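S.K.: First the structure, then my questions, so here it is.
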Amino acid sequence: LRLGESHPAKGAERGSLSSVLKIPLVQRLCALNFFFTMGTTQLESIFAFFMADRFGYEARDVAYILALMAAIMVGIQGGLIKRLVMRFGEKLLLSTGVVLLFLAFFFIPEAPTVWVLLIPLMLSAVGRGISQPSLMSLVSRGGGQEVHGSVMGAFQASASLARVVGPLAAGFLYDRHPSWPFFLAAIFMLPVFALSWRVPGSNTPPDGNTCTRSPV
């Protein structure tokens, strides 16, 4: 309400939400982010219920596990991710992280004990830790400078929509079978993996100086 538009009217029109959503690259990025967030919200929404029903864990016990997962993600995103991107590139990290998430979601409901369960949970933390920053880096290249804000807005809106629909789906499925939300999360990783190779970005930068880019 207080800050005026810094771009001329023509530039603002080019950067409207409806216009950027017509760009094929932006469509792929938003679809990728929607499916990715839908998958991760399945775990976030029902994990506490799953631990209580399956292992009798209380809120404090669940908090310790979530804190450990968060510590792993912070460690990766806080210092390790830059070196990984320089060596492997964003697209490879994104696809690798998605594969780790797929495996984690598939095996979480099959774990017979908490100690065994920690393996796929830590796997999911690593997968999310390397895939989310890589995804944000890829979307930062979507569209020109004049529409950059609108592209980021559309990208975040797709995640917001998933965070509305995702918990509803997780609760509905969990009421029918405790394993179904995790299997749905694994299924959502399949289109994310496919779409991750259809967006421009670095693959394996030789010597950390140059990188190859796929066409838009």
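The values are calculated or read from the model by the stated rules, or taken from the named source; none is laboratory data. Treat the numbers as computed from the prediction; the structure is a model and nothing was measured. In this analysis, Cβ positions are derived from the backbone assuming ideal geometry, glycine residues included, and neighbour counts consider all displayed protein chains. Surface accessibility is based on the protein's heavy atoms, side chains included, excluding ligands, DNA and RNA. Shrake-Rupley method; radii C 1.70, N 1.55, O 1.52, S 1.80 Å.
S.K.: Check the stretch 14-33 and report whether any residue there is open to solvent by less than 70 Å² (accessible area, probe 1.4 Å), closer than 20 Å to Leu123 by Cβ, assigned to a helix (DSSP H, G or I) and not basic (Lys, Arg).
M.R.: no
S.K.: If I filter the stretch 139-186 down to residues being modelled with pLDDT of 90 or more and outside any helix (DSSP H, G or I), which single residue comes out as least open to solvent (accessible area, probe 1.4 Å)?
M.R.: Ser179
S.K.: Enumerate the pairs (first residue in the stretch 172-190 and within 13 Å of Ala104 (Cα to Cα); second residue anywhere and open to solvent by 80 Å² or more (accessible area, probe 1.4 Å) and not aliphatic (A, V, I, L, M)) with beta-carbon separation below 6 Å, excluding pairs fewer than 6 apart on the same chain, so at least 6 apart or on different chains.
M.R.: Ala186/Phe106
S.K.: Is at least one residue of the stretch 198-213 modelled with pLDDT of 75 or more, surrounded by 14 or more Cβ atoms within 10 Å (Cβ to Cβ) and in contact with a helix residue (DSSP H, G or I) (Cβ under 6 Å, 6 or more places away or on another chain)? Quick ask: steps written out before the conclusion?
M.R.: We begin by selecting, within the stretch 198-213, every residue modelled with pLDDT of 75 or more; these are 198-199.
Remaining after also requiring surrounded by 14 or more Cβ atoms within 10 Å (Cβ to Cβ): 198-199.
Filter once more, so that each one left must be in contact with a helix residue (DSSP H, G or I) (Cβ under 6 Å, 6 or more places away or on another chain): 198-199.
Yes, the stretch 198-213 contains a residue that is modelled with pLDDT of 75 or more, surrounded by 14 or more Cβ atoms within 10 Å (Cβ to Cβ) and in contact with a helix residue (DSSP H, G or I) (Cβ under 6 Å, 6 or more places away or on another chain).
S.K.: Which condition from (1) more than 17 Å from the chain's Cα centre (by Cα); (2) touching a residue at least 24 places away in the same chain (Cβ under 8 Å); (3) surrounded by 14 or more Cβ atoms within 10 Å (Cβ to Cβ) is the one that Asp53 breaks?
M.R.: Single failed check for Asp53: (3).
S.K.: For the stretch 81-92, name all the residues that are in contact (Cβ under 8 Å) with a residue 24 or more places away in the chain and part of a helix (DSSP H, G or I).
M.R.: Within the stretch 81-92, Ile81, Leu84, Val85, Met86, Arg87, Phe88, Glu90, Lys91, Leu92 meet the criteria.
S.K.: Only one residue in Leu135, Leu118 is open to solvent by 20 Å² or more (accessible area, probe 1.4 Å) and of a type in the set (A, V, I, L, M). Which one?
M.R.: Working: Leu135 fails: open to solvent by 20 Å² or more (accessible area, probe 1.4 Å).
Going through Leu135, Leu118 in turn, the sole match is Leu118.
S.K.: Only one of these conditions is not met by Ala70: (1) within 19 Å of the chain's Cα centre (by Cα); (2) crowded, with 17+ Cβ neighbours inside 10 Å; (3) aliphatic (A, V, I, L, M); (4) closer than 30 Å to Gly171 by Cα. Which number is it?
M.R.: Only one criterion is unmet by Ala70, namely (2).
S.K.: What are the residues in the stretch 93-108 that are crowded, with 18+ Cβ neighbours inside 10 Å, in contact (Cβ under 8 Å) with a residue 60 or more places away in the chain and closer than 18 Å to Ala48 by Cα, if any?
M.R.: Phe105, Ile108
S.K.: OK, next. Evaluate the following for Ala48: is it in a helix (DSSP H, G or I), in contact with a helix residue (DSSP H, G or I) (Cβ under 8 Å, 6 or more places away or on another chain), small (Gly, Ala, Ser) and open to solvent by 40 Å² or more (accessible area, probe 1.4 Å)?
M.R.: yes
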